[in-house]
Amino acid sequence: MHQIRYFLAVARTRNFTRAAEECHVSQPSLTRAIQKLEGELGGPLFRREHSLSHLTDLGRIMLPHLEQTYGAAQAAKSMAEGLRKGSLAPLGLGVTASLAPDHLVGLLETLNRSLNGLELTLESEAHADLVRDMMQGDFDVAILEEAADLPDRLRSWRLFREHYRVLCRTDHRFAQLNAIEPALLDGEVWIDRPSCLSSPRFRQLCALAGVMPAFRHRATGEAHLQRMVLAGFGCALVPETLPIAEGLAMRPVHDLDLSRTVLVATVIGRRLSPASDAFLRAARARAWASEEPDAQPPMSRRT
């Protein structure tokens, strides 16, 4: 880094003496450092003309790369210093793709106000990808659905429970009903979400009820799913708290209790950063709007 810093100083001042003064080193020390850098890069970086020094072709090519390298090193140093002093609090948060964004707005707003130096990286992924990346260390904290195949190393707490609803167009026959009888689902053209945990559960409940929608289309994200419903491709199943576009309606299904439990999770044995700890405390203390009235927020079975 010293060699690169000296190189950048000479490139800026065009003078070895002024560059040495700027870097607070002797000119011979600066010259030797640049000569070592030239040896590593395989050629001269400067061409001296009297009191001025000009970049060679190699120097001009190397300049932006070395500027980027030095900038990244300085940023890393600044980040490390911020962490040491407690003035920087990075947080990598992974969220299941089907979670309504409104759930997080108030929580993140509270965290941002109360935690100085918060540096948030927020990513939304399908359930399987989220669990995999969480275990690989890509996230500090994850908000995901409870599932039977969650790794034993995940420590989780329940946040809330919510029901699923049938999503249809406002001009669909289902929209005219307060609730849908299960028999009406039989043969109804359906838009499936293969990566969503609700899909196999829904199929199982339909089979138990003796009905089966026609699973003809597929969508991987909520936005695409809603557009397909609006375009008349069929109906779909979505969480009840999901904000829906104009022209769409949600309806429950009689005697088809399809719901999910949403958890906040960390990895056992992984040290919690101040930001992760603050997020967990805020999430567990929050009065979630979808929480059932008689339910308490105990730890899940993976505590």
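Can we say LEU197 is aliphatic (A, V, I, L, M) and at pLDDT below 90? Against the criterion (aliphatic (A, V, I, L, M) and at pLDDT below 90), LEU197 qualifies. For segment 212-221, the set of residues classified as surrounded by 14 or more Cβ atoms within 10 Å (Cβ to Cβ) and not in a strand (DSSP E or B) consists of MET212, PRO213, ALA219, GLY221, listed by residue number.
The combined condition, being without any contact (Cβ under 8 Å) to a residue 60 or more places away in the chain, in a helix (DSSP H, G or I), farther than 30 Å from LEU120 by Cα and out of contact with any Pro (no Cβ under 9 Å at 6 or more places or on another chain), is not fulfilled by ALA175. When residues in segment 36-53 are screened for being open to solvent by less than 70 Å² (accessible area, probe 1.4 Å), touching a strand residue (DSSP E or B) at 6+ places or on another chain (Cβ under 8 Å) and outside any loop (DSSP other than H, G, I, E, B), 2 of them pass. Consider segment 228-248 and keep the residues that are in contact with an Asp or Glu (Cβ under 9 Å, 6 or more places away or on another chain) and part of a strand (DSSP E or B). The one that is farthest from ASP186 (Cα to Cα) is PRO239. Per the listing ALA142, ALA183, ALA179, ALA209, the residue uniquely closer than 18 Å to PRO252 by Cα, surrounded by 15 or more Cβ atoms within 10 Å (Cβ to Cβ) and either of a type in the set (Gly, Ala, Ser) or at pLDDT below 95 (or both) is ALA209. Between a residue in segment 202-217 that is within 10 Å of LEU185 (Cα to Cα) and any residue that is part of a loop (DSSP other than H, G, I, E, B), which pairs come within a Cβ distance under 6 Å, given they are 6 or more apart or on different chains? From residues that are within 10 Å of LEU185 (Cα to Cα), the pairs are CYS206/MET212; VAL211/ASP186; PRO213/GLU188; ALA214/GLY187.
Residues in segment 178-199 that are in contact with a Pro (Cβ under 7 Å, 6 or more places away or on another chain) and assigned to a helix (DSSP H, G or I): 1 in all. Inspection of segment 255-269 finds no residue satisfying the criterion of being at pLDDT below 85, within 25 Å of ASP129 (Cβ to Cβ), in contact with an Asp or Glu (Cβ under 8 Å, 6 or more places away or on another chain) and surrounded by 14 or more Cβ atoms within 10 Å (Cβ to Cβ). Scanning segment 249-283 for residues that are assigned to a strand (DSSP E or B), among the aliphatic types (A, V, I, L, M) and either closer than 23 Å to ALA209 by Cβ or touching a Cys at 6+ places or on another chain (Cβ under 8 Å) (or both) turns up ALA249, MET250, VAL253.
Just one of the listed residues (LEU104, LEU66, LEU93) is at pLDDT 70 or above, open to solvent by less than 30 Å² (accessible area, probe 1.4 Å), under 17 Å from VAL264 (Cβ atoms) and part of a helix (DSSP H, G or I), namely LEU104. Annotation note: Cβ proximity below 9 Å between a residue of segment 60-72 that is farther than 15 Å from VAL10 by Cα and in contact (Cβ under 8 Å) with a residue 40 or more places away in the chain and a residue that is open to solvent by less than 100 Å² (accessible area, probe 1.4 Å) and not aromatic (Phe, Trp, Tyr) (sequence gap 6+ or interchain) occurs for THR69/ILE4.
When ARG161, ARG169, ARG165 are checked against the criterion of being under 23 Å from LEU99 (Cα atoms), in contact with a Pro (Cβ under 6 Å, 6 or more places away or on another chain) and open to solvent by 50 Å² or more (accessible area, probe 1.4 Å), ARG165 stands alone in meeting it. With the condition kept exactly as written, say whether any residue in segment 27-35 is open to solvent by 20 Å² or more (accessible area, probe 1.4 Å) and in contact with a strand residue (DSSP E or B) (Cβ under 9 Å, 6 or more places away or on another chain). No: segment 27-35 contains no residue that is open to solvent by 20 Å² or more (accessible area, probe 1.4 Å) and in contact with a strand residue (DSSP E or B) (Cβ under 9 Å, 6 or more places away or on another chain).
The values are calculated or read from the model by the stated rules, or taken from the named source; none is laboratory data. What you see is a predicted model; the values in this text were computed from it and never measured. Don't worry about glycine lacking a Cβ; one is built from the backbone with ideal geometry, like all the others, and counts go over all protein chains shown. These accessible areas exclude ligands, DNA and RNA; they are computed on the full protein's heavy atoms, side chains included. Shrake-Rupley method; radii C 1.70, N 1.55, O 1.52, S 1.80 Å.
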